[in-house]
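This report refers to the structure that appears directly beneath it.
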Amino acid sequence: MRHIISILIENEAGALSRVAGLFSARGYNIESLTVAPTEDASLSRMTLVTRGSDDIIEQITKQLNKLIDVVKLMDLTEGPHIEREMMLIKLRAVGGDQRDEVKRMADIFRGRIIDVTDTTYTIEVTGDSTKLDAFIQALDKSLILETVRSGVMGISRGEKALRI
Amino acid sequence: MELTGAEIVVRFLHDEGVEHLFGYPGGAVLHIYDALYRQDKVKHILVRHEQAATHAADGYARSTGKPGVVLVTSGPGATNAVTGIATAYMDSIPMVVLTGQVPTSLIGNDAFQEVDAVGITRPCVKHNFLVKDVKDLAITLKKAFYIAQTGRPGPVVVDIPKDVTANRTKYVFPKTVSMRSYNPVVKGHTGQIKRAVGMILGAKRPMLYTGGGVVLNDASRQLVEFARLLGYPVTNTSMGLGGYPASDKQFVGMLGMHGTYEANMAMSHCDVLVAIGARFDDRVTGNVQKFCPHAKIIHIDIDPSSISKNVKVDVPIVGSVEHVLKDMLKLIKDSGEVPDGEALAKWWTQIDEWRAKECLKYDKSSELIKPQYVLETLHKITKGDAFVCSDVGQHQMWTAQFYRFDKPRRWINSGGLGTMGFGLPAAMGVQFAHPKASVVCVTGEGSIQMNIQELSTCLQYGLPIKIICLNNRFLGMVRQWQEFFYDKRYSHSYMESLPDFVKLAEAYGHVGMQIDKPADVEAALKEAFTKHKNRLVFMNFLTDQTENVYPMVPAGAGLDEMILV
């Protein structure tokens, strides 16, 4: 099962490597990991996507909680939640037809063109990971020059919040 | 008044109540050593290798419950300490290790004697810190001591760059510390405790399986009261030995790979298992698929991540052993309920049948010295009251089996990491903590050579440790596995060109003795503990080379599939 674990962690040097080190030392896999400070600069919010059986996920959350720098965590996939990922994708766009086609695609996927040159378009798309995958699928592979994905971030729906 | 970082370190240690500091100087910690020189409150013990400093601090901590404290320099000082830090980590021993670091301006420049100590130690510490500002020094040290000793204890490393020890700031001892990210639970969940008590009282074939948590938490008294009130059998893990008196009739011995037949059979047939401060290590469970097949399992542990890690449990209780046992005792007494006496009597009859196998028997008429006999005699001569530190291998298992520990914190061994070379330095730490006590290091000719340089430290400080070297001219445990599982291909398990240990001991200024006949064992031990009471005695026992540790559960087998003698 795929799980999205949200972590509030002390914003200190080395905190990220403690999490990453834990995963490699114990043989857990990380699909993606994003981290940035919160509105309280002393705290970072990390979103970690991993896969494993219920037993493994239980161990992962316990081991994460055991890290001294971890203040609190939540498995978002246990309740209703929203996940988003951002992608910046640079595409070859030369000539009227090709430029129109890329623009149309971007519109269909609610993407925004954020940089334009004579030969390229750079598009920003957000959504859950499957939407970003679908966008890539829908494009002509030979047009893709570069893709940058942020990794998943997530938040619970409604009143439920991960805060101290 | 403003103090330098070095002075703050030393003042802090004194204010924190640290009496002994085990260490080795070097460039990055010279300011701290200078501050140590200019005071007489914290006693520094100079070892001969940083690994020994960590093991000595570890032995100190295991035998007292107080944190062991280590000071080493940057680079090789820190890397040499790593084995000792990992040893303490695996056995949850409270320890604070101060490592010197190159000046902050040089960090990352591949400076002389620079290593990323925080990075290297990260996987084998409870937590670690790099102090970048002298203003953070005192509070960081306070956090280190707090983290090391609370919850599930463990080692904490504080890496201190040289310029931080030179810079000045105002020093106030931080009396308390609180951390929003670290609040260990000690009190167990009431509902879970109630459920567990119901299950315990309803058991027909109960078993108490207790580990190092009982010793670390100083909860022996509660355990004994709990076990006696119920009349249930008790088995200890290697780390838990002494947590329940071995001479008590309810004690069925150690369990696991080299546990007793009765303990392992009782585990395999019990219907309710109460795991108390034990972590279902693979050396204890054998094949987990075959582990306690008939039992409902209750698990009391301070560390939530120990619960349901290896074996799925039915009633998890997170909390300190002491608190949870107290709560359970109160509930049981208040309920007025008692265990099923008839079922229990039947269960004990069964256990006594297993006991009758006498799984620890050995050939007492042999003309060669049997290691088991040396340990039985050691127990007799020391009246079972010595602090016994052990190295790792066959001699460790024999000591666990034959030196029947009645008190906690007397059995000092590297259980989790299995660190050869642990015994002698650990014994030094124990002797510093208990200057008047009999301190023994049981070792083998393999293990002792891994930290033999510490004989020099022992001379410097006049430590009257008794070294019992069970010398079989083999890396015995390796040889045993090769005999059983590798068709007797003794690949590199034979120790050629051994030193003359008697002369070696004498060269270091100690007493050396060689014993090669069973008839001389008792007299030699007596002599060591009386005539040479105040000196270190290295006793080289030439033992039977073919002796193996029995019983044995082969790797991957169930606990009821033991090889008996």
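Here are a few things to note about the model shown:
Conditions tested, residue by residue: (1) within 22 Å of B:K361 (Cβ to Cβ); (2) at pLDDT 95 or above; (3) part of a loop (DSSP other than H, G, I, E, B).
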{"position": "B:E483", "(1), (2), (3)": "yes, yes, no"}
{"position": "B:S497", "(1), (2), (3)": "no, no, yes"}
{"position": "B:D520", "(1), (2), (3)": "no, yes, no"}
{"position": "B:A528", "(1), (2), (3)": "no, yes, no"}
{"position": "B:N534", "(1), (2), (3)": "no, yes, yes"}
{"position": "B:L542", "(1), (2), (3)": "no, yes, no"}
{"position": "B:Q545", "(1), (2), (3)": "yes, yes, yes"}
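- When each of B:L498, B:L475, B:L463 is tested for being closer than 28 Å to B:A437 by Cα and not aromatic (F, W, Y), the lone residue that passes is B:L463.
- Count of residues meeting criterion [of a type in the set (S, T, N, Q), touching a helix residue (DSSP H, G or I) at 6+ places or on another chain (Cβ under 6 Å) and either crowded, with 24+ Cβ neighbours inside 10 Å or within 24 Å of B:F432 (Cα to Cα) (or both)] in segment B:370-402: 3
- Segments classed as strands (runs of 3 or more DSSP E), wholly inside segment A:21-78, with at least 3 members that are within 10 Å of chain B (Cβ to nearest Cβ): A:70-75
- Among the conditions (1) under 26 Å from B:G65 (Cβ atoms); (2) more than 11 Å from chain A (Cβ to nearest Cβ); (3) surrounded by fewer than 24 Cβ atoms within 10 Å (Cβ to Cβ), the only one that B:N167 does not satisfy is (1).
- Filtering segment B:53-109 to residues that are touching a Pro at 6+ places or on another chain (Cβ under 6 Å), surrounded by fewer than 24 Cβ atoms within 10 Å (Cβ to Cβ) and part of a helix (DSSP H, G or I) leaves B:Y89, B:T104.
- Which numbered condition A:D115 misses (of (1) closer than 15 Å to A:R99 by Cβ; (2) in contact with a strand residue (DSSP E or B) (Cβ under 8 Å, 6 or more places away or on another chain); (3) surrounded by 12 or more Cβ atoms within 10 Å (Cβ to Cβ)): (3)
- Test result for B:E367, surrounded by fewer than 24 Cβ atoms within 10 Å (Cβ to Cβ), within 25 Å of B:E527 (Cβ to Cβ) and acidic (D, E): yes
- Qualifying residue in segment B:484-497 (condition: farther than 23 Å from B:R283 by Cα and within 27 Å of the chain's Cα centre (by Cα)): yes
- Residue that is within 14 Å of another protein chain (Cβ to nearest Cβ), farther than 19 Å from B:A53 by Cβ and free of Cβ contacts under 8 Å to residues at least 24 places away in the same chain, where the choices are B:T150, B:T140: B:T140
- Where a residue in segment A:2-19 is at negative phi and more than 11 Å from chain B (Cβ to nearest Cβ) and its partner, wherever it lies, is basic (K, R) and assigned to a strand (DSSP E or B), with Cβ under 6 Å and at least six apart: A:R2/A:R51
- Among (1) among the basic types (K, R); (2) under 18 Å from B:F529 (Cβ atoms); (3) under 16 Å from the mean Cα position of the chain (by Cα), the one test that B:K436 misses: (3)
- B:V284 more than 14 Å from every other protein chain (Cβ to nearest Cβ), crowded, with 24+ Cβ neighbours inside 10 Å and within 19 Å of B:A196 (Cα to Cα): no
The values are calculated or read from the model by the stated rules, or taken from the named source; none is laboratory data. All values derive from a computational prediction rather than experimental measurement. Cβ atoms come from the backbone with ideal geometry, glycine included; neighbour counts cover every protein chain shown.
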